[in-house]
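Data first, discussion second: the structure below is written as structure tokens.
The values are calculated or read from the model by the stated rules, or taken from the named source; none is laboratory data. Values in this document were obtained by computation on a predicted structure and should not be read as measured data. All Cβ positions, even for glycine, are placed from backbone atoms using ideal geometry, and neighbour counts span all protein chains on display. Side chains included, ligands, DNA and RNA excluded: accessible areas come from the protein's heavy atoms. Shrake-Rupley method; radii C 1.70, N 1.55, O 1.52, S 1.80 Å.
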Amino acid sequence: MKNFKKYLLLPVVALALVSCNDDDVPVANHVTLEFENTFKGTPIVLNETENTSAVGQVHKFSELKYVISNVRLIQADGTEIPYNTNNLDAGAIVVDQSKPETATFVLNDIPTAEYSQIIFGLGVRSDLNTLDEVSNPNFYATAGANDTAMHWEWGTGYRFTKIEGFYDGDNVLSFHSGSTVDGTEGDESTYNAYYDAYRDITLDLPTNAIVGENAPIINIEADFDNLLSGKTNTITLDDSNALPSLHTSVTMSAYVDNIGGNSVSDFTGMFSISSVEN
């Protein structure tokens, strides 16, 4: 009888072992995005790093901030996995060069699979680009904090980028991007009725990010050489384009197309994948 019980239990034990082995591979894990701001591959140090544009203008940055949102990971078979794309609180960050901790964006509960591409937004989609404190209280507070200042003073939307510095000595460089809306306050002669500054960035991964037992890190470089010397436009700074009070949609678009791509021939802008750590 004892032997019978022993043999009866063997299939149960074997089944338990199989189940345990299946449980070793999680159904999801996290993916970490690490952003690094550089100039021609050299990490930027605010107020110190001197940069030279394609036309020979020397400039340096005192402030670098930009919004990342609408993240989508693309599996090797083409399946798109959106990450809180309609929730700015959970799905958007402000990368601030003066705060190293903001360069890390952890995407939680990404399904187990291999991923070959990432798409994310530089800025905020038009359908979410309102200062909605009720729907997105955390992002609203982060973007509007006094030391961040990513709300427009004159409008209802978010700033997508905020870049401050100097060029050719003590001349002020101050570029702010964001979508204008109908009814924008200010001089109608200097603002078009609508300009969408949001850009989708599409980057192929050099090595598939393998999610499961691994929680991969995707290292993303933002090369700010593109601001003035991008693939689309070469910009010479002067009194007509270096200050945000003078930005029309036409002058703004030259910068936006450089750092965010022109959505026609360039879908990467200033961004590239430096490595994938599995």
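Tabulated data
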{"quantity": "Options 28, 54; residue that is open to solvent by 50 Å² or more (accessible area, probe 1.4 Å), over 14 Å from the mean Cα position of the chain (by Cα) and either modelled with pLDDT of 95 or more or within 20 Å of residue 258 (Cβ to Cβ) (or both)", "calculated": "54"}
{"quantity": "First in region 77-97 and touching a residue at least 60 places away in the same chain (Cβ under 8 Å) and within 14 Å of residue 67 (Cβ to Cβ), second anywhere and open to solvent by less than 60 Å² (accessible area, probe 1.4 Å) and among the hydrophobic types (A, V, I, L, M, F, W, C), Cβ under 7 Å, 6 or more apart", "calculated": "95/35; 95/68; 95/103; 97/44; 97/46; 97/64"}
{"quantity": "Filter pass, residue 120 being at pLDDT 95 or above and not in a strand (DSSP E or B)", "calculated": "no"}
{"quantity": "Hits in region 210-225 (condition: open to solvent by less than 20 Å² (accessible area, probe 1.4 Å) and either free of Cβ contacts under 8 Å to residues at least 60 places away in the same chain or part of a strand (DSSP E or B) (or both))", "calculated": "211, 218, 220, 222"}
{"quantity": "Filter pass, residue 164 being assigned to a strand (DSSP E or B), among the acidic types (Asp, Glu), more than 22 Å from residue 119 (Cα to Cα) and modelled with pLDDT of 95 or more", "calculated": "yes"}
{"quantity": "Selection status of residue 172, at pLDDT 90 or above, open to solvent by less than 50 Å² (accessible area, probe 1.4 Å) and more than 19 Å from the chain's Cα centre (by Cα)", "calculated": "no"}
{"quantity": "Conditions (1) part of a loop (DSSP other than H, G, I, E, B); (2) open to solvent by less than 30 Å² (accessible area, probe 1.4 Å); (3) under 30 Å from residue 212 (Cα atoms); number of the one not met by residue 86", "calculated": "(2)"}
{"quantity": "Criterion violated by residue 256 - all others in (1) in contact (Cβ under 8 Å) with a residue 24 or more places away in the chain; (2) in a loop (DSSP other than H, G, I, E, B) satisfied", "calculated": "(2)"}
{"quantity": "Filtered residues of region 191-209 (kept if touching a Leu at 6+ places or on another chain (Cβ under 9 Å) and either modelled with pLDDT under 95 or not in a strand (DSSP E or B) (or both))", "calculated": "197, 198"}
{"quantity": "Hey, residue 108 assigned to a loop (DSSP other than H, G, I, E, B), modelled with pLDDT of 95 or more and open to solvent by 60 Å² or more (accessible area, probe 1.4 Å) or not", "calculated": "no"}
{"quantity": "Conditions (1) part of a strand (DSSP E or B); (2) within 30 Å of residue 156 (Cα to Cα); number of the one not met by residue 135", "calculated": "(1)"}
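One line per residue, one yes/no per condition, for (1) modelled with pLDDT of 95 or more; (2) over 28 Å from residue 47 (Cα atoms); (3) among the basic types (Lys, Arg):
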position	(1), (2), (3)
98	yes, no, no
112	yes, yes, no
125	yes, yes, yes
138	yes, yes, no
